[in-house]
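**Q** Can you read through this structure? Questions will come right after.
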Amino acid sequence: MKRSDRYLIDQINPQESWRIFRIMAEFVDGIETLSSLDPAVTIFGSARSKPGDKYYAMAEELGGLLAKAGFCVISGGGPGIMEAANKGATEAGGQSVGLNIVLPFEQRLNPYTNIHLNFRYFFVRKVMFVKYAMSYVIFPGGFGTMDELFEALTLIQTDKIKPFPVVLIGSDYWRGLLDWIQNTMLKENNILPEDQAIFTIVDSPKAAVEIIMNAKV
């Protein structure tokens, strides 16, 4: 064995190898728990939205409408928009899933899930979001919401997943981003004109459900 090879082996932290099994365990738990779900819609949005806020009320309405239409509702399991969507689904008698992430602040499992999992790793959780969803609905939110939005757009754009509706709610909130996509990204040839059709912006839960129902047919 060469000295350089021995050096590399000596530098391996045994804990790194065991982490693989924790990652595998999260995938196994997720697949076993979620594989029997009804057709599902994953809803994202700010954890900081409060009951009584405009978008909290809309997310709660959306969760109820989807449950009544026979869809399972999946959220990140935390407060804010996630809580509202789960609340609406649960109170309508539907499947309400929370895929919670363990964080040092802000994130806690909301009380409106009837199926829930806790994840340590963001990337495993994100696989579960997209694997079991036939649509994404994105409410106003922060960096985490943008992360989920652009990952979905990228996966659809690159044909890594079958195209599904990506619906953004709140034209006032998303207008600046849409302007930048059209006037900067598209203008500088960083996306194609048809890439703009991957997502749709609406202003009501009913409009979002209509798009999702049409895609299901």
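**Q** State which residue is surrounded by the fewest Cβ atoms within 10 Å (Cβ to Cβ) when the search covers only region 79-108 and only residues that are in a helix (DSSP H, G or I) and touching a residue at least 40 places away in the same chain (Cβ under 8 Å).
**A** Residue satisfying both the conditions and the ranking: I81.
**Q** Name the single residue that is modelled with the lowest pLDDT among those in region 1-55 being more than 24 Å from F119 (Cα to Cα) and of a type in the set (S, T, Y).
**A** Y7
**Q** Name the one entry in L99, L103 that is within 17 Å of G141 (Cβ to Cβ), modelled with pLDDT of 95 or more and not basic (K, R). Steps first, please.
**A** Details: L103 fails: modelled with pLDDT of 95 or more.
Going through L99, L103 in turn, just one is within 17 Å of G141 (Cβ to Cβ), modelled with pLDDT of 95 or more and not basic (K, R): L99.
**Q** Answer yes if at least one residue in region 186-204 is closer than 23 Å to A85 by Cα and of a type in the set (F, W, Y), and no otherwise.
**A** The answer is yes, given that some residue of region 186-204 is closer than 23 Å to A85 by Cα and of a type in the set (F, W, Y).
**Q** Which ones in region 38-59 are touching a residue at least 24 places away in the same chain (Cβ under 8 Å), crowded, with 16+ Cβ neighbours inside 10 Å and over 16 Å from the mean Cα position of the chain (by Cα)?
**A** Hits for region 38-59 are S49, Y55, Y56, M58.
**Q** Assess whether L192 counts as being surrounded by fewer than 13 Cβ atoms within 10 Å (Cβ to Cβ) and over 19 Å from the mean Cα position of the chain (by Cα).
**A** Values: surrounded by fewer than 13 Cβ atoms within 10 Å (Cβ to Cβ): yes; over 19 Å from the mean Cα position of the chain (by Cα): yes.
Yes.
**Q** Filter region 25-50 for residues that are over 20 Å from G94 (Cβ atoms) and assigned to a loop (DSSP other than H, G, I, E, B) and give the result.
**A** Answer for region 25-50, where residues must be over 20 Å from G94 (Cβ atoms) and assigned to a loop (DSSP other than H, G, I, E, B): S46, A47, R48, S49, K50.
**Q** Still on this structure: Would you check which residues across region 120-132 are under 19 Å from L155 (Cβ atoms), out of contact with any Phe, Trp or Tyr (no Cβ under 7 Å at 6 or more places or on another chain) and of a type outside the set (V, I, T) and list them?
**A** Selection gives Y121, F122, F123, K126, M128, F129, K131, Y132.
**Q** Identify all residues within region 36-58 that are under 19 Å from Y132 (Cβ atoms) and in contact with a helix residue (DSSP H, G or I) (Cβ under 6 Å, 6 or more places away or on another chain); write none if there are none.
**A** V41, T42, I43, F44, G45 - these are the residues of region 36-58 that are under 19 Å from Y132 (Cβ atoms) and in contact with a helix residue (DSSP H, G or I) (Cβ under 6 Å, 6 or more places away or on another chain).
**Q** Going by what's in this entry, would Y132 be described as surrounded by 18 or more Cβ atoms within 10 Å (Cβ to Cβ) and either among the β-branched types (V, I, T) or under 24 Å from K50 (Cα atoms) (or both)?
**A** In short, no.
The values are calculated or read from the model by the stated rules, or taken from the named source; none is laboratory data. Because the structure is predicted, anything quoted here is derived from the model rather than measured. Positions of Cβ are generated from backbone atoms using ideal geometry, with glycine treated the same way; all protein chains shown enter the neighbour counts.
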